[in-house]
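Readers should treat all values here as calculations from the given coordinates under stated rules, not as data from a laboratory. In this text, all values refer to a predicted model and were calculated from it rather than measured experimentally. Note that we place each Cβ from the backbone using ideal geometry, even for glycine, and neighbour counts take in every protein chain shown.
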Amino acid sequence: MLELIDSPPIAVAASPGPRRSSGTARALVTGGSGFLGQHLVAALARRSQAVRIFDLTTPAVLPSGVEYVRGSVLDRAAALQALDGITCVYHLAGMAHLWTADHADFDRINNIGTEVMLGAARKMGVGRFLHCSTEVVLLPPQRRDRPVDETVTLGLADMAGPYSRSKYLAEQAAFAASAQGQDVVVVNPTIPVGAGDRNHTPPTAMLAHYLSGSHFFLDCMLNLVDARDIADGMMLAAERGRRGERYVLGGENVPLAELLRTLERICGRRTARLRVPPLLARATGSASEWIANNLTGRAPIATVEGVRLALRSSRFDSNKAARELGYAPRPIEDALIAATRWLINDGHLSRNPGLAEAPVV
């Protein structure tokens, strides 16, 4: 169980690189070792931005000149230390999965962790605070005929489950801080795709599931976006976004059936062909989650919240980010190829002959 803690002084590790003057703008990336975090850190480093990662997990790769501070967003003392000299916070840290053995962890990490970081940044006089939310807080309980965008207004009761509720509350904390004068901007990425997702967040787990030979799928609409484009969008929002505004960072709207056909073409093998009726999907989610909660303690193959989100899935519209920020995501196929290659090369998929010989280029 995670708790708010105070910690002794923490060590800072840095990869070899040029020293920067104390007057240089500095960015703190919470969750910088995660899937989106590593892409954002790499993008910032390529622009010679001074970057510090704040994460409990050691980064797989530490770009030249980037610092790593080990710590939790629930640890106020560690957060204050990590924020020393920082001028912009990218708050990405959170629990991105749809199931955990203790559902209270969603609120502790996603909601309370955001409140801790907002308060610490305010105390340290940090200028801009970019909060990374999610598209699920914008999905109405019923599918819409028109695309989802920033104008959607929902309440806590509209959320699909504990993950969505925790992210909704975190977002509300960010908007409240902005209303009180803190320079906060919010981004809502859709479904990120790309290489290097060591934590197997739901998008990567979904790709692995279908590439491993699953025969069944629940028809839904996905908005897929290259993780590198989300990183670019976050930097644009930090630079150009208006205080107190949200920006949807999406890519291509792709029905799952179409995605499966694309994966077949990329990998040279059949994927799922049998559609699961919504009633059966709900029953499967309920049964799988009950077994995980009460018997196995391991992540289920489906969750109640995941099924609900699939059934309310809709198209997304990123025109506001394009218009105000200059956000311009690339076609999604390159990211799908990169994700597939990474899953195969890193041994996350079974090495059956069809997959091992897949023309992933």
#### Entry: Computed FRET value (nearest 0.05) for ALA179 with ASN319, which takes r as the C-beta separation and R₀ as 25 Å
0.50
### Query
What is the chain's relative contact order, in percent, from Cα pairs under 8 angstrom and six or more apart in sequence?
17 percent
## Note on the structure
ARG273 and GLU258 label points (each 7 Å along its Cα→Cβ direction) are spaced in nm at 2.2 nm
### Task
Check each of the trypsin sites (Lys or Arg not before Pro) in the range 251-299 and keep only those in coil by DSSP with at most 14 other C-beta atoms within 10 angstrom; list them in order.
ARG270, ARG273, ARG298
### Task
Would you kindly derive the ³J(HN,Hα) couplings of the range 96-103 from the backbone phi angles with the Karplus curve 6.51 cos²θ - 1.76 cosθ + 1.60 (θ = phi - 60°), listing them in order in whole Hz, with x for Gly and Pro?
9, 8, 9, 8, 8, 4, 10, 4
### Query
For the range 303-346, what is the largest minus smallest coordinate of the Cα atoms on each principal axis, given in angstrom and ordered from greatest to least?
38, 30, 13
### Extension gain, THR87 back to ILE301 (0.36 nm per residue minus Cα-Cα distance, nm)
72.9 nm
### Task
Taking the chain as the reference, fit the longest principal axis to its C-alpha atoms, fit the long axis of helix 162-179 to the helix C-alpha atoms, and give the angle between the two in degrees, 0 to 90, nearest 10.
30 degrees
### Summary
With x for Gly and Pro, the residue-by-residue ³J(HN,Hα) of the range 281-288, computed from phi through the Karplus equation 6.51 cos²θ - 1.76 cosθ + 1.60 at θ = phi - 60° and given in whole Hz, is 4, 4, 5, 5, x, 5, 5, 5
### Query
Using helices alone, what [θ] at 222 nm do you get for the chain, with -39,500 (n - 2.57) per DSSP H run of 4 or more residues, divided over all residues and rounded to the nearest 500?
-11000 deg cm²/dmol
#### Entry: Amide hydrogen neighbours beyond the local backbone of GLY71, cut-off 5 Å, H modeled
ASP55, LEU56
### Query
What is the distance, in nm, between label points placed 7 Å from the Cα along the Cα-to-Cβ direction at ALA77 and at ARG144?
4.6 nm
### Summary
Taking placed amide H atoms and a strict 5 Å upper bound, the residues 5 or more places from SER313 or on another chain that come that close are MET221
### Counted charge near GLY250, where neighbours are those whose Cβ lies closer than 10 Å (Asp, Glu -1; Lys, Arg +1)
-4
## Note on the structure
For the range 119-125, Karplus-derived ³J(HN,Hα) couplings (6.51, -1.76, 1.60; θ = phi - 60°; whole Hz; x for glycine and proline) come out as x, 5, 5, 5, 5, 8, x
### Query
Between ASN199 and ASP219, what is the spin-label point distance in nm, taking each point 7 Å from the Cα along the Cα→C-beta axis?
3.3 nm
### Task
Within the range 188-219, find all residues whose amide N lies under 17 Å from a label point positioned 7 Å from the Cα of THR58 along Cα-to-beta-carbon.
198-199
### Task
Taking the Cβ of ALA60 as the centre, find all other residues whose Cβ is under 14 Å away and add up their charges (Lys, Arg: +1; Asp, Glu: -1).
-2
### Message
Between 0 and 90 degrees, rounded to the nearest ten: what's the tilt of helix 35-46 against the longest Cα principal axis of the chain?
### Response
50 degrees
### Helix 227-240 vs. the chain, principal-axis angle (Cα, 0 to 90°, nearest 10)
40 degrees
